[in-house]
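Here the structure is laid out as structure tokens; the discussion comes afterwards.
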Amino acid sequence: GYTSLVIRSRGAVVNFAIFLVAQVIIYAWFEKEKVKKGLSDGKHWVIAIGIAVVIAVGAFLVKDSEVIVIFIQNMSKGGGIINNVRFQTQRMVIEQLFNYPMGGSLMELGGISHAHNVWLDMANLAGLIPFCAFSIYTFFTLYELVKFLKNKQFSVKMKLMITGMYIAFFMYFTIETALEASVHLTTPWFFINGITHGMLQIEKKKETMNG
């Protein structure tokens with residue numbers, strides 16, 4: 001939002017854009033018939049075009065404002081988005097994974113203090129065992145997320161909410177030092193994983209009871 005622009009948070013803006021696109025794709029996947037019906041309705045096209053025009057006009061009016069100009073300049077710092085120094089550091093850490101199996105923060109990070117990736121920062125700090133354990137846990141949560149999405153007992157709204165939170169957290173974990181700098185944004189992820197697992201177990205028990 002506007003706050004992200006003011007504080008020049010590139011990650012927040014990029015994460016929101018990816019999150020929004022992902023949510024639209026997921027909704028379209030689960031609600032194919034509604035989407036087809038909506039696209040065939042001329043009123044929806046008029047509304048969509050109207051919104052696009054309003055956004056375009058708004059962007060034109062604020063493009064020269066100090067907040068926008070400074071934010072755009074900030075977007076190009078550190079290699080920009082695609083070639084950001086964080087991604088270069090993450091590649092360096094991957095290449096050094098087996099050089100320091102016990103961790104100890106001994107890896108070369110290209111001049112920055114962290115890899116800005118939860119899994120890779122864990123490997124650098126604590127070594128391969130915690131890295132592998134947390135990676136296995138991550139794959140398990142993704143496996144359960146897929147099972148959750150495939151389960152027809154859960155509503156599309158619930159699937160969008162849970163998946164949206166997963167996407168938001170994963171995007172944050174891949175570009176920030178969440179475990180060391182922002183633990184308050186890591187803890188809710190474990191909580192959501194527990195909720196997802198619990199809901200799957202409840203449905204499994206229902207299926208068993210119903211034979």
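The values are calculated or read from the model by the stated rules, or taken from the named source; none is laboratory data. Model, not experiment: these values are computed from the prediction. Cβ atoms come from the backbone with ideal geometry, glycine included; neighbour counts cover every protein chain shown. The protein model used for the area step is the full one, side chains on, heavy atoms only, and it has no ligands, DNA or RNA in it. Shrake-Rupley method; radii C 1.70, N 1.55, O 1.52, S 1.80 Å.
Sort Glu207, Glu33 by heavy-atom solvent-accessible area, probe 1.4 angstrom, most to least.
From most accessible down to least: Glu33, Glu207.
List the relative contact order of the stretch 124-211 as a percent without decimals, with contacts defined as Cα pairs under 8 Å and 6+ residues apart.
Computed value for the stretch 124-211: 34 percent relative contact order.
Output the peptides 191-197, 115-121, 46-52 sorted from most to least packed, where packing is the average of other Cβ atoms within 10 Å over each peptide's residues.
Ranked by mean Cβ neighbours within 10 Å, highest first: 115-121, 191-197, 46-52.
Checking the a/c ratio against 1.5 first, then a/b against b/c, what shape does the Cα gyration tensor give for the stretch 77-156?
oblate
Using 0.36 nm times the number of residues separating Ser135 and Tyr100, minus their current alpha carbon distance, what extension gain do you get?
Contour length minus Cα-Cα distance gives 10.9 nm.
Go through Lys37/Lys159; Lys34/Lys204; Lys36/Lys204; Lys152/Lys206; Lys34/Lys152 and tell me which ones have a Cα-Cα distance over 25 Å in this structure.
Lys34/Lys204; Lys36/Lys204
Can you tally the net charge around Lys204? Count Lys and Arg as +1, Asp and Glu as -1, for every other residue whose Cβ sits under 12 Å from the Cβ of Lys204.
0
What number comes out for accessible area per residue over the stretch 90-148 if the probe is 1.4 Å? Units Å², please.
On the way: 3270 Å² over 59 residues.
Accessible area per residue, the stretch 90-148: 55 Å².
To the nearest Å, what is the center-to-center distance of the stretch 10-46 and the stretch 147-210, using C-alpha atoms only?
21 Å
Tell me, what % of the accessible area of the stretch 90-207 is carbon and sulfur with a 1.4 angstrom probe?
Values: 4560 of 6570 Å².
Solvent-exposed carbon and sulfur of the stretch 90-207 make up 69 percent of the total.
Accessible surface of His184 in the full protein assembly, 1.4 angstrom probe, to the nearest 10 Å²?
130 Å²
In nm, give the distance between the simple-model label positions of Lys152 and His184, each being 7 Å from the Cα along the Cα-to-Cβ direction.
4.3 nm
Quote the FRET efficiency, to the nearest 0.05, computed for Ile195 versus Lys34 with a Förster distance R0 of 35 Å and r equal to the Cβ-Cβ distance.
Efficiency for this residue pair is about 0.85.
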